[in-house]
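As structure tokens, the structure follows; a few thoughts come after it.
The values are calculated or read from the model by the stated rules, or taken from the named source; none is laboratory data. Note that this is a predicted model, so its numbers are computed, not measured. For neighbour counting, all protein chains shown are included, and Cβ atoms are generated from backbone atoms with ideal geometry for every residue, glycine included.
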Amino acid sequence: MYSKRIHVAWFGIHFFLLTAVCLAGVFWLIAQGSTILPSAWDEYARKGELGATWCLAKEAGPSNPVRRSIATYLHTAGIQAGYTFFAPNVPSQHRLTLELLYEDGRAEYESPHVRGKTAALRLESLLDRLSEERYEPVREVLVKMLAFSVWREHPGVKKVRATFGAVNPPGMNEFEQGKTETFQPMFSFDFSLRDDQK
Amino acid sequence: MQSVVKSPGSQISVGLSPLRKFWQRFIGFLFPLETDTWLAVLRSGLGLQVIGYALFLRSDWHYLFASSGKGLVGREVGEAITAFDSPLIPTFGWLVALGRNLNMSEEAVLTVAWVALLSAGCLLLLGLFCRPAAIVAWFVHLCAAESGGLLAYGADAFMTTALFYLMLSPLPDRYSFDRWVTKAKPKNPQLLGFWRRVLQMHLCFVYFIGGLAKFLGNGWWDGSNLWRSLIRPPFTVVPPDVLVRFKYALPVLGISICLLEVSYPIFIWFKKTRLVWLVCILAMHAAIGLMMGLYLFALVMIVMNLAAFGVPSTDRKARATSATTDQ
């Protein structure tokens, strides 16, 4: 009976946390105004999201032990993010183009790459994250690292211009009319390699 | 006070307060009698999943998880973001630090981690050292998912969850080598039932939230989201000019997916509708795997669904097992 009580208590806590994570995810989508719901709902969704994140102690300070304990548990159980994949709509694809400028004025175009198809999926995931507002503080560092991964294969390069943007695919009707994808630049960075990094 | 015993896990007592009756019903629901067949499906399926995960990432393993300057983006950024959430979440940084004390290079530590993951997958598939293998698989995969958090996608979260449940479930099952070698007694059927319920409830959450969130997007109503997801590199397995021939079917398919997901927590519980919903969900995941190239995501979802609802509940057999374990 004692063991059963422990199991029931764990079940209650586990699914309470899962509910909070899932609701936070759905409320966030609504609050962003990216759903078909009227904009009057945005404010309520924001409050709902706050309530859900409060349950996860995310409103507490970063070093708060309750917040840390909950975060550790969520990550170890794989339930730190809600299940809103490809929702409410499928996001645009993103592309990072690297213009490699050589000392003699030559320019080559490359993109960060991996060997396997599964790893390519992961790279796509990373590029999609770069466009998100919450990754803005680490965006430049990540683009620099991606540029550096290509730079290592081209040691003669003097400068790299990294251009990041969204690739908007044509709609079904547009595709039938012969239209192709369009590229919408979002930001770009120029990097030059110092002598000590060579 | 009279009491009618329905099954060891679900006593329905006459003359009790409604709250107590509800509680007993709830306990009965949480602890049904189960055999370990579902656990065998979960164990062997996740064994295959872990093997697939390790093999698919074989050529990029070091490149994805090496530190800055050696890999794609360096795992430090991902680890810093994870550490901001909590420094207690395991990452490869832990293992590399441990390896440094043993005079092991980062590359050697990552190789050992990959070998450990692959071995754990093989052991899970065979059912040898089930519990330690499940713990190792969960831990190494978690380290990979957290260190490469920026590179993670849906399949990683589901793998962590499935391995987390497997690690806590009453292993080994009767089809494992462990049981054959140690001749251990069958596990408590109520505990087996509890962990299956957890998996079942989890899937209900997944599909309900997934379906609800999709319903809120206009692109799922007119088929444009299906179009966008299928022509989106690197998911382009079906050429767009083939896909566009089915443009009138896409809105119907899009709405069907939303309906299927959002109603999963209802119809999967009824015996009459369970098979239809299960087959449809499995077909959906198989299609995702084949048409979008998301093989690992498809496999983990198929394994979880089969273990949760695909293996019939064998109450009679479980009762017999319960009688054996009670003696």
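Here are a few things to note about the model shown:
- Checklist (1) without any contact (Cβ under 8 Å) to a residue 24 or more places away in the chain; (2) farther than 26 Å from B:G310 by Cβ applied to B:L275, failing item: (2)
- Listing of helices (runs of 4 or more DSSP H) fully contained in segment A:1-110 that carry 3 or more residues being under 28 Å from B:A134 (Cα atoms): A:2-31, A:65-77
- Qualifying position, being within 11 Å of chain B (Cβ to nearest Cβ), surrounded by 17 or more Cβ atoms within 10 Å (Cβ to Cβ), in contact with a strand residue (DSSP E or B) (Cβ under 6 Å, 6 or more places away or on another chain) and not basic (K, R), among A:L127, A:L100: A:L127
- Residue within segment B:290-306 that is farther than 23 Å from B:F235 by Cα and at pLDDT below 95 present: no
For every residue, the table says whether it meets (1) part of a helix (DSSP H, G or I); (2) among the hydroxyl-bearing types (S, T, Y); (3) within 11 Å of chain B (Cβ to nearest Cβ); (4) more than 22 Å from B:R58 (Cα to Cα).
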| residue | (1), (2), (3), (4) |
| --- | --- |
| A:R161 | no, no, no, yes |
| A:P170 | no, no, yes, yes |
| A:T180 | no, yes, yes, yes |
| A:D190 | no, no, no, yes |
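- For segment A:3-57, the candidate set comprises residues that are β-branched (V, I, T) and farther than 20 Å from A:T84 by Cβ; within that set, the residue that is surrounded by the fewest Cβ atoms within 10 Å (Cβ to Cβ) is A:I6.
- Of the residues screened, A:G116 is not one that is exposed (fewer than 13 other Cβ atoms within 10 Å of the Cβ) and at negative phi.
- On inspection, A:L142 does not qualify as within 23 Å of B:S229 (Cβ to Cβ), within 11 Å of another protein chain (Cβ to nearest Cβ), out of contact with any Asp or Glu (no Cβ under 6 Å at 6 or more places or on another chain) and assigned to a helix (DSSP H, G or I).
Per-residue answers, yes or no, for (1) within 14 Å of another protein chain (Cβ to nearest Cβ); (2) at positive phi; (3) within 13 Å of the chain's Cα centre (by Cα):
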site: B:A162; (1), (2), (3): yes, no, yes
site: B:L166; (1), (2), (3): yes, no, yes
site: B:L171; (1), (2), (3): no, no, no
site: B:R174; (1), (2), (3): no, no, no
site: B:F177; (1), (2), (3): no, no, no
site: B:T182; (1), (2), (3): no, no, no
site: B:K185; (1), (2), (3): no, no, no
site: B:L191; (1), (2), (3): yes, no, no
site: B:F194; (1), (2), (3): yes, no, no
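- Every residue from segment B:47-83 that is of a type in the set (A, V, I, L, M, F, W, C) and either away from every other protein chain (no Cβ under 12 Å) or under 17 Å from B:L126 (Cα atoms) (or both): B:L48, B:V50, B:I51, B:A54
- Of the residues in segment B:130-149, not one is basic (K, R), touching a residue at least 12 places away in the same chain (Cβ under 8 Å) and either more than 26 Å from B:E34 (Cα to Cα) or within 12 Å of another protein chain (Cβ to nearest Cβ) (or both).
- Of residues in segment B:62-81 being surrounded by fewer than 21 Cβ atoms within 10 Å (Cβ to Cβ) and in a helix (DSSP H, G or I), the one modelled with the highest pLDDT: B:H62
- For B:L243, the test of being closer than 24 Å to A:A166 by Cα, free of Cβ contacts under 8 Å to residues at least 24 places away in the same chain and outside any loop (DSSP other than H, G, I, E, B) is passed.
- Residue among B:L226, B:L212 that alone is of a type outside the set (G, A, S), within 12 Å of chain A (Cβ to nearest Cβ), closer than 23 Å to A:G25 by Cβ and buried (at least 22 other Cβ atoms within 10 Å of the Cβ): B:L226
- Qualifying residue in segment B:281-292 (condition: under 24 Å from A:P169 (Cβ atoms), in contact (Cβ under 8 Å) with a residue 24 or more places away in the chain and not in a helix (DSSP H, G or I)): no
- For segment A:58-89, the set of residues classified as among the β-branched types (V, I, T), more than 17 Å from the chain's Cα centre (by Cα) and surrounded by 19 or more Cβ atoms within 10 Å (Cβ to Cβ) consists of A:I70, A:T76, listed by residue number.
- Residues located in segment A:37-88, provided they are of a type in the set (F, W, Y), more than 26 Å from B:C258 (Cβ to Cβ) and within 13 Å of chain B (Cβ to nearest Cβ): A:Y73
- The residues on offer are B:S86, B:S105, B:S44, and the sole one that is polar (S, T, N, Q), surrounded by 15 or more Cβ atoms within 10 Å (Cβ to Cβ) and away from every other protein chain (no Cβ under 14 Å) is B:S44.
- Residue that is surrounded by the most Cβ atoms within 10 Å (Cβ to Cβ), among those in segment B:159-181 that are part of a helix (DSSP H, G or I) and either polar (S, T, N, Q) or at pLDDT below 95 (or both): B:T160
- Segment A:137-170, subset free of Cβ contacts under 8 Å to residues at least 24 places away in the same chain and under 23 Å from B:A145 (Cβ atoms), residue surrounded by the fewest Cβ atoms within 10 Å (Cβ to Cβ): A:P137
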